[in-house]
Protein chains: 2
Amino acid sequence: MKKLHCFCQSGNAYKVALAMEFMNVPWQPVFVDFMNGQTRDTAWRDGVNPMGEVPVMEDNGRVITQSTVMLRMLARETGLFGARDGDEDDELLRWMLFDNHKFTANFATYRFMKSFGPSAPDPAVMKFMRSRVDAAYGIVNKHLSTRAFMVGERLTIADLSLCGYVFYPPEECGFDIRETHPNIFAWRERIRAQPRWQDPYDLMPGERIAPKW
Amino acid sequence: MKKLHCFCQSGNAYKVALAMEFMNVPWQPVFVDFMNGQTRDTAWRDGVNPMGEVPVMEDNGRVITQSTVMLRMLARETGLFGARDGDEDDELLRWMLFDNHKFTANFATYRFMKSFGPSAPDPAVMKFMRSRVDAAYGIVNKHLSTRAFMVGERLTIADLSLCGYVFYPPEECGFDIRETHPNIFAWRERIRAQPRWQDPYDLMPGERIAPKW
């Protein structure tokens, strides 16, 4: 059975956990104590993931990192939520790269500093990061103004990648997409309405932490 | 013939331009006036690339964005510098995702603000971004301490992706990898030694700009 090294605050892990639920793939979570530095530890870097990131998947003796690689692998294995042809494969990957580069990357950093960082965030840094979040969220919000899902009018791994952080409660990032990015909000509700959807805090191990700052 | 919309300061465009040189693929540059806002313009966003980014490739009537998608496409078409099997394909993509997420992403933003931004950079933001650059560069520097290239002991599209910004002169980012990250420096020199290598300022159109700040 696949093992996913994860913790409940990680939207990057949630992307893969939710995909496995939607695809009905049996899996087992392994808790990573990220908040106390487990992924910065030498044992993690040398033994598990030199990139120092969560999630990590163990599957048949193979260790896989990067949520996009896992989502593509799961789509290949199950025949679900993947591309229908080569051009669509490029199109899904294009949005997953944008997600890694900007949409998730900026938001995850912003939310972490806002709620879970080791010290109160610097206002100049937060203002800078917020402008980057808004630029990326603006692009996806506009894209979703004329379509129900990111690519091909059906749920795909591109949606599962981009949605990783949007289900976390607004108090963790300090703004509510229902007000700021209504098309992203409506898309999120379409994903939430899928039969096997689960909240990140129910699907993955670890304790909830109240926003610190 | 393939057209690449690019400008000489864009390391993301350089990744693809250099790949086409190494693969001996004929191509034609189309200058993008990024520095004067062309990619923030409605005509660019609505007509060319909603993600607002450079590079953009035109090929046989198709418009392609995201350097990673272009590099994979070029490797497929030429049979050069790509993966030898499915596992290696995952491994190349894993590093290209890390590049998009952290290695290029943080450095490109840091260098842009340091040298080409519209106003003098905020020291708190620069300090924050520099720590992110150093974290990503440290991971790649360590990875290259025991190998000549990123994956499989030969030049691949993973190297061509990660090397996009390392050839720009040190004064543009304010530090010299020869001193700070010697394994990245040595790897860069191995890439520079390839027969068809060219400097980004020679390979792509646009004027050199002296660092502003």
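The values are calculated or read from the model by the stated rules, or taken from the named source; none is laboratory data. Fair warning: this is a prediction, and the values are worked out from it, not measured in the lab. Cβ sites come from the backbone with ideal geometry, for glycine too, and all protein chains shown count toward neighbours. Keep in mind that these areas ignore ligands, DNA and RNA; they rest on the heavy atoms of the full protein, side chains included. Shrake-Rupley method; radii C 1.70, N 1.55, O 1.52, S 1.80 Å.
Brief remarks on what is shown
- A:R94 meets all of the listed conditions (1) on the phi < 0 side of the Ramachandran plot; (2) buried (at least 22 other Cβ atoms within 10 Å of the Cβ) but one, namely (2).
- In the condition set (1) open to solvent by less than 10 Å² (accessible area, probe 1.4 Å); (2) over 21 Å from A:F103 (Cβ atoms); (3) within 11 Å of another protein chain (Cβ to nearest Cβ), B:R76 is compliant with all but (1).
- Taking the range A:192-213 as the range and being surrounded by 14 or more Cβ atoms within 10 Å (Cβ to Cβ) and either modelled with pLDDT under 95 or under 30 Å from A:K127 (Cα atoms) (or both) as the test, the residues that pass are A:D199, A:P200, A:Y201, A:G206.
- Residue among A:G11, A:G82 that is within 20 Å of the chain's Cα centre (by Cα), within 30 Å of B:M57 (Cβ to Cβ), away from chain B (no Cβ under 12 Å) and not polar (S, T, N, Q): A:G82
- So B:L4, is it in contact with a Pro (Cβ under 8 Å, 6 or more places away or on another chain), modelled with pLDDT of 95 or more and closer than 20 Å to A:L93 by Cβ: yes
- Of the residues making up the range A:90-125, those that are charged (D, E, K, R) and in contact with a Ser or Thr (Cβ under 7 Å, 6 or more places away or on another chain) number 2.
- Residue tally, condition more than 10 Å from chain A (Cβ to nearest Cβ) and in contact (Cβ under 8 Å) with a residue 12 or more places away in the chain, over the range B:21-43: 16
- All helices (runs of 4 or more DSSP H) inside the range A:91-210 with 1 or more residues being without any contact (Cβ under 8 Å) to a residue 24 or more places away in the chain and within 11 Å of chain B (Cβ to nearest Cβ): A:104-111, A:123-143
- Any chance A:L18 is closer than 26 Å to A:R196 by Cα, in contact with a Lys or Arg (Cβ under 8 Å, 6 or more places away or on another chain) and open to solvent by less than 10 Å² (accessible area, probe 1.4 Å): no
- A:V25 vs. criteria of a type in the set (V, I, T) and more than 25 Å from A:T109 (Cα to Cα): yes
- Between B:E53, B:E58, B:E88, the distinction of being more than 13 Å from chain A (Cβ to nearest Cβ) and either farther than 30 Å from A:A124 by Cβ or crowded, with 19+ Cβ neighbours inside 10 Å (or both) belongs to B:E58 only.
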